[in-house]
Amino acid sequence: MPLRTLLCAAMLAAAVPTAAAARMSSNPQTVGLQVALRAAHLYAGPIDAIRGPATVRATREFQRRAGLVPDGLAGRRTRAALGRLGRPLFGARTIVRGCVGWDVSVLQFLLRQDGHAVGAIDGRFGARTEAALRGYQRGLGLHADGIAGPRTIAALSLQGRVPVAARRAPQVHYVVRVGDTLTEIATRYHTTTSLLARANALDPSKILFAGARLRIPTGSHAPIIVDPFDVRLSLSRWSSHYGVDASLVRALAWMESGFNNNLVSSAGATGVMQLLPQTWDYVETSLVGGRVPHTVDGNVRVGVAYLRRLLSEFQGDKRLALAAWYQGPAAVRRRGLYAETRSFVAAVLALEQRM
């Protein structure tokens, strides 16, 4: 896969589960709520990521004081009313020293869980949090820059089992291929034929010409949320089918997308495995011998098939196969590994040990 900027793994799910059965379950996003409520002098319990009775009571009391419906759930309006400590959710931005917010609280909690001294979990990114983050990054083989960017957030999310939901995909374009239909393209990108036609001033009843460049209005629709456990099942299925180590496949998928099939990179790579259109075409033509549906399962299948091909090409050397995935096999053979590629490979191999 050509060298590209790795996008943020994904916007993370709402802070607290809504089902009564899940109220006592651990969710690191809940730490952000607990810290914000403590700052409002409404919560004196432990910062433990558990939405227990004390957290619910404090949330309801805050909502009553703020003139909100006291449902005990930390929805968008409640988080906004909490001020700086009520936003953004962990995973929504890159976190650097000086940041204040909900996500900093979650970052501090996850670092402490991993055994790093962060001082108080207070939602403020200071020197101790930065030192702890650098220590975490060094231990995982990541670039120890003290910045919680996409790769660090992906690793921490996996460690903490932070629930993952979909982020809105940016505007993308698609070049029509022979045999494509407007309906097929709309389905592939989770939009509708009418919206796709309007976005490109097309008549749906007329022929779609190969080579036409279409604007995909994916940003205008809420994406389809995919359960990460369903993604894991697909990863396991195709890992077994193609004889590729499942831990390696899961680590690569998490590094690429955080198991978010709605992610679209600035280079046009899509889905769980972040595949470029030319990679998909190559796998269909040369490895599978037929069309693969553009679904979550199809994306995983194409990605695992391509990874198996790279492993075979580089005689089972995982390091070189991952480098070829990120940088392209020809570039690996001609130039060796770029510095950014080495960082990517090290991060995936470190994640493999946790998968």
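Every number here is computed from the coordinates shown, using simple stated rules; none is lab data. If you're wondering where the values come from, they're calculated on a predicted model, not measured in any experiment. Note that each Cβ is placed from the backbone with ideal geometry, even for glycine, and that neighbours are counted across all protein chains shown.
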For segment 20-160, what is the charge dipole size about the Cα centre, in debye to the nearest 20, if Lys and Arg each add +1 at the Cβ and Asp and Glu each add -1 at the Cβ?
360
Estimated FRET transfer efficiency (Ala120, Val288; beta-carbon r; R0 51 Å; 0.05)
0.45
Using the scaling law 2.2 N^0.38 Å as the reference, what is the normalised Cα Rg of segment 228-352?
0.97
Cα-projected label distance for Asp48 with Ile207, points at 7 Å along beta-carbon direction, nm:
6.9
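Under unit Cβ charges (Lys, Arg +1; Asp, Glu -1), what dipole magnitude, rounded to 20 debye, does segment 277-332 have relative to its Cα centre? Don't skip to the end; give the middle numbers.
Values: 6 positive and 5 negative charges, 26 e Å.
With only Lys, Arg, Asp and Glu charged at Cβ, the dipole is about 120 debye.
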